[in-house]
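Below you'll find the structure, written out as structure tokens, and then a few comments.
The values are calculated or read from the model by the stated rules, or taken from the named source; none is laboratory data. On a predicted model such as this, the values are computed, not experimentally measured, just so you know. Note that we place each Cβ from the backbone using ideal geometry, even for glycine, and neighbour counts take in every protein chain shown. Note: accessible area is taken over every heavy atom of the protein model, side chains too, but ligands, DNA and RNA are not part of it. Shrake-Rupley method; radii C 1.70, N 1.55, O 1.52, S 1.80 Å.
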Amino acid sequence: MRLDTPLAIVDLETTGSHPAHDRITEIAVLEVDGFEVSAEWSTLVNPGVRIPSPIQALTGITEEMLAGAPRFAALAEALRERLAGRVLVAHNARFDYGFLRREFERAGIRFHARTLCSVRLSRRLYPEHARHDLDSLIERHGLECRARHRALGDAEAAWHFLRIAAEQHGEEIFAVAARQIARQPALPPHLERAAIDAIPEAPGVYLLYGEGGAPLYIGKSTNMRSRVLQHFSAGLRSEKELRLAREVRRIDWQRTAGELGALLREARLVKELAPAYNRQLRTPRGLCGFVFDGKRLRLAQAGEIDAQTLPLLRGLFRSRSSALGALRELADTHHLCLQTLGYDKNGTGTCFRHQVGRCAGVCAAKESVHLHHARLAAALAQFPAVSWPHAGPLGIVENDRDREATEVHVVDRWCYVGTARCDEELAELLEERRDPAFDYDHYRILARHLGKPGVRTRVLAA
């Protein structure tokens, strides 16, 4: 980036720190041409939501001040023209840019700009200093700021920092540092920028396709656009990442209301499409779990595990080898006889484990098989039971405040049935759930999520 690059020094005041939930209350833009301010503009914005008292105290912007201010949608087109063709400069550019993209998206406008973060620029040019927030820069460089925590005052302070940094380091060093920070991921020539710009900064699943429509990779993120761009960043290190970036020909995406929906959909799509670069989340062919009926310990295989048999299992393992390894550890701790249980085929009579003190001796008639199996039953309690703690199916609720949309993820006996976005879809899923399929990855995702505080659920009719 050269010093004559058109810039837009931007600062926002907002109702909070989350672009998905909070709104802009004030915008300031300094238009810089030839490294001189050519125009300045600022306005209050009616956010349409309440402003928390601490935010009002910090900024001095009250709800009364905003009552007659325009909504962002009324300003959006003129603001986009003001920012067009300029590098957007902000102190913590990710914050301001994220809010602007969300607000433009709500107004039905696609917005994309090259950004330059003055926090990162300060870190690059002044690495000897520990703090690079705007207050620290104001104090360290003696910057002018006529109204701290107001959009125009903070934008002017950021502009003064740019001028001082350019003077102290010289045009060439300043320009190189700014160019490195403002660098965008280099997209393959066959991918249009518009394809990336269309991806929302929201939760969901993205799908990367190769030549001929072959699925290459499926990923999820709470910010799909940012995550997709990472696939093409200059910082890629592994040959696998570089090869994937070169092979991508098309990008699709599916938005979800929240992170849980993205996780569940990713796990399902990876199994359905088997993309070349996904190794995790594929169906574990060796999925198994122990079943003990008081007489025989059996290893139930993947084809036997479903909503009906899950309550009978002790432990759930991705492979037979991991299950047998866990059983050996259990046997060592509780002096169980693997030969008697049918998991040691090395001989008959007294087992070798008894000879080395790891078996209490049921194989040598030193204890009854009933006592041995009673200890086995007690020991198996260490393997977690996969029991469903609810009387019937459960709906896990996620809200997308940005779109005012709700998704209900229907779960029955740890089996993910599907996601409903309306009452009709919910009724259809409940009708279809009579024999839900069990998926180990869905189980792990759901168990983790339901263990978090504040999860919204709905008891569904059985």
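Leu191 - would you say it is open to solvent by less than 20 Å² (accessible area, probe 1.4 Å) and under 27 Å from Leu269 (Cβ atoms)? Here the answer is yes, as Leu191 does meet what is asked. Taken together, the residues in the range 44-87 that are open to solvent by 30 Å² or more (accessible area, probe 1.4 Å) and of a type in the set (Val, Ile, Thr) amount to 3.
With respect to Glu171, determine if the residue is in contact (Cβ under 8 Å) with a residue 60 or more places away in the chain and open to solvent by 30 Å² or more (accessible area, probe 1.4 Å). Criteria met by Glu171. Pairs are defined by a Cβ separation below 6 Å, a sequence spacing of at least 6 or placement on different chains, a first member in the range 195-217 that is over 12 Å from Arg249 (Cα atoms) and assigned to a strand (DSSP E or B), and a second member that is open to solvent by 40 Å² or more (accessible area, probe 1.4 Å) and of a type in the set (D, E, K, R); the pairs so defined are Val205/Lys220; Val205/Arg265. Within the range 219-273, the residues that satisfy the criterion of being of a type in the set (Lys, Arg), open to solvent by 40 Å² or more (accessible area, probe 1.4 Å) and over 26 Å from Pro189 (Cβ atoms) are Lys220, Arg265, Arg268, Lys271. Checked against the criteria, Val119 counts as free of Cβ contacts under 8 Å to residues at least 60 places away in the same chain, closer than 24 Å to Gln180 by Cβ, buried (at least 17 other Cβ atoms within 10 Å of the Cβ) and of a type outside the set (Gly, Ala, Ser). Would the range 309-330 turn up any residue that is within 30 Å of Ala202 (Cβ to Cβ) and of a type in the set (Asp, Glu)? No: the range 309-330 contains no residue that is within 30 Å of Ala202 (Cβ to Cβ) and of a type in the set (Asp, Glu). The set of residues from the range 134-153 being open to solvent by 40 Å² or more (accessible area, probe 1.4 Å) and either in contact (Cβ under 8 Å) with a residue 24 or more places away in the chain or in contact with a strand residue (DSSP E or B) (Cβ under 9 Å, 6 or more places away or on another chain) (or both) comprises His149, Arg150. Just one residue in the set Ala420, Ala364 is open to solvent by less than 60 Å² (accessible area, probe 1.4 Å), under 34 Å from the mean Cα position of the chain (by Cα), over 22 Å from Gln308 (Cα atoms) and modelled with pLDDT of 90 or more; that residue is Ala420.
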